[in-house]
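The structure appears below as structure tokens.
The values are calculated or read from the model by the stated rules, or taken from the named source; none is laboratory data. All values derive from a computational prediction rather than experimental measurement. Ideal geometry is used to build each Cβ from the backbone, glycine not excepted, and the neighbour counts take in all protein chains shown. Ligands, DNA and RNA are stripped out before the accessible areas are found, and what is left, the full protein with its side chains, is counted by its heavy atoms. Shrake-Rupley method; radii C 1.70, N 1.55, O 1.52, S 1.80 Å.
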Amino acid sequence: MKNRDLFHAAIAVAVGLLIGFFLPAQNGLTQEGVIVLAVFVPTLYLWIALGPASWASIAFLAVFIMTGIRTPAQVWAGSLGHPAFMLVLVFMLFDNCLRETGAIKSMSDWFITRKFTRGRPYLFLFMFFASNLVIGLFMQNVALAIMYVALTHKLCTSLGVKKGDSLYTIMMLGTVWGNAVNHIASPIAKSIPNIIIGFADTNLGVTITYTEWLMAGIPFAAVMLGVIMIAVRLYNPDVSALQNFDFDSFKRTPLSLRGKIALLAMAMLFAIIVVPETMYIFGLGNAVTNFMMDVSVTAWAAVLVVVLCLIRVDEKPVLNFANATKELPVALLLFIAVVIFVGAPIGAESAGIIAWVGNIFAPVAEHLPTIGVVALLCLIAIILTNFLASTVVATVIFVMGTALLATPQISPMSMAFVMTGSFAACMGVLIPASTASTALYYGEHIKARDCLKINAMYLAMTLLAIIAMTPLVQAIFRGTA
């Protein structure tokens with residue numbers, strides 16, 4: 001164990017050398033593509049063996065520069081200097097403010113204290129899981145999971161429900177499912193949607209706006225809320241504790257002035273994102289909306305963060321910048337930076353990797369209808385993402401989908417898969433290692449082996465829901481092309 005990192009590093013080097021010397025540059029793959037794979041595949045191995053938040057990310061950037069395929073300036077600009085990376089970083093700071101001021105906790109309390117849920121256990125569970133999905137549209141996933149683990153445990157304690165009880169298990173598991181949905185339904189404060197948006201721009205020449213993503217993501221979240229409730233009914237927990245619970249005894253957290261200002265800032269940010277893009281989509285753009293879009297979401301989010309740092313309530317800033325930066329997950333940010341960067345060299349025509357992948361899988365895909373190819377790729381994504389990092393799976397599935405579905409003229413179906421494939425790539429809920437979020441639940445609160453059957457049913461229904469979403473996403477791109 002003392003030499004664990006060195007052991008895996010040696011394996012990674014060996015894998016890279018084998019690819020570099022023995023993978024032939026043929027069937028569409030060029031020598032540049034061989035070099036890219038010789039660097040990326042060992043890094044992928046290290047992410048699996050050591051976890052995404054490891055030294056492998058910074059090693060990849062250094063080694064890739066040494067290949068000479070990109071200049072140092074291009075590597076840094078496409079990773080740590082990429083707008084998507086900066087956006088994720090700024091959103092993490094903003095997310096810290098929402099949590100620290102109690103704004104998010106207040107929103108969750110509002111959902112679960114509605115009078116119409118009293119005496120209606122499944123309606124209460126519906127509102128509880130809905131709160132997780134709605135709040136998750138604006139929060140980073142690990143932060144959301146931390147909050148909902150604590151909230152669910154507090155609720156169950158108030159109900160007299162303990163670990164091992166069916167109600168405790170399904171309430172925890174339902175938020176695991178919701179967290180997976182939130183990972184992809186909204187691009188706000190999320191890494192994967194921003195990475196995929198960057199891939200589409202770099203490799204397909206197509207711009208996906210935040211509004212377009214939300215036009216698909218919000219309906220997807222609504223459909224998945226239905227799937228969650230069906231899974232809850234199939235699990236059939238003992239809900240008697242909810243039947244007679246005195247909700248007046250559950251104390252809501254009063255929202256401070258700092259929290260109200262943070263919520264107002266969140267509403268303003270959402271409006272800044274959605275209103276100009278919506279006006280542009282429907283041909284109502286003007287000089288003001290065009291300026292707001294040209295400046296970019298990243299800049300507006302950064303401005304709001306600065307404003308929150310300057311506003312003081314009771315001699316305390318709404319956003320404490322020093323404390324917020326201390327909580328930034330640096331290793332995770334480096335991982336995100338690499339994944340953002342790697343899409344360009346992998347998708348480059350000069351590398352031929354996409355053509356190579358397409359030639360390998362074409363014999364299988366050519367016998368299937370287009371929707372069948374989408375379904376097969378989504379199935380592969382759902383299986384892989386339960387054992388690999390969702391970000392890595394989303395990258396791999398994007399490359400496979402681009403190879404099999406992209407044509408010289410990008411079709412609404414190929415663009416629909418850019419989203420639906422990434423939806424499937426984020427459904428890691430099966431084991432503790434599926435995502436950083438699931439690790440917070442399994443073991444301490446629920447046992448993975450006790451949930452295998454219901455998780456399998458949930459994933460099967462999720463695959464059907466994602467395939468059913470494809471026509472809607474096609475219509476979005478057909479209407480906004």
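If you count Lys pairs in the chain whose Cα atoms are under 18 Å apart, skipping same-chain pairs closer than 8 places in sequence, the total is 11. Tilt of helix 31-50 relative to the longest C-alpha principal axis of the chain, in degrees (0 to 90, nearest 10)? So the helix axis and the longest Cα principal axis differ by about 30 degrees.
Label separation (Leu310 vs Asp201): 2.7 nm, computed from points 7 Å beyond Cα along the C-beta direction. For the chain, the dipole from Cβ point charges (+1 on Lys and Arg, -1 on Asp and Glu) about the Cα centre works out to 1220 debye, to the nearest 20. At the residue level, Cys156 shows approximately 0 square angstrom of accessible surface with a 1.4 angstrom probe and all protein chains present.
Fully extending the segment from Leu379 to Ala14 would add 128.3 nm, taking 0.36 nm per residue of separation and subtracting the current Cα-Cα distance.
Rounded to the nearest 10 degrees, the angle from helix 56-67 to the longest Cα principal axis of the chain is 20 degrees. The per residue volume of the convex hull around the alpha-carbon atoms of region 1-46 is 52 Å³. Taking a quarter of the surface of the convex hull around the Cα atoms of the chain, what do you get in nm²? Projected over every direction and averaged, the Cα hull of the chain covers 24.3 nm². The trypsin sites (Lys or Arg not before Pro) of region 159-210 that meet both conditions, a loop assignment by DSSP and at most 16 other Cβ atoms within 10 Å of the site Cβ, are Lys162, Lys163.
Each helix, a run of at least 4 DSSP H residues, gives -39500 (n - 2.57); summed and divided by the residues of the chain, these come to -23000 deg cm²/dmol at 222 nm. Please determine, in degrees from 0 to 90 and to the nearest 10, the orientation of helix 83-100 with respect to the longest principal axis defined by the Cα atoms of the chain, where the helix direction is its Cα long axis. Relative to the chain, helix 83-100 is tipped by roughly 20 degrees.
Restricting region 27-73 to chymotrypsin sites (Phe, Trp or Tyr not before Pro) that sit in a DSSP loop and have at most 14 other Cβ atoms within 10 Å of their own Cβ leaves Trp55. As a rough guide to protection, the peptides 459-470, 318-329 ranked by mean Cβ packing within 10 Å, highest first, stand as 459-470, 318-329. Applying 0.36 nm per residue to the separation of Asn244 and Met268 and subtracting their alpha-carbon distance, the gain on full extension is 4.7 nm. Per residue, the average separation of C-alpha pairs within less than 8 Å and at least 6 apart gives region 292-401 a relative contact order of 20 percent. For region 322-400, the calculated P(r), taken from all Cα-Cα distances in 5 Å bins from zero up to the bin holding the longest distance, is 3, 13, 17, 19, 19, 12, 7, 5, 3, 2, 1, 0 percent. Within region 257-281, find all residues whose amide N lies under 12 Å from a label point positioned 7 Å from the Cα of Val303 along Cα-to-beta-carbon. The answer is 269, 272-273, whose backbone nitrogens lie closer than 12 Å to the label point.
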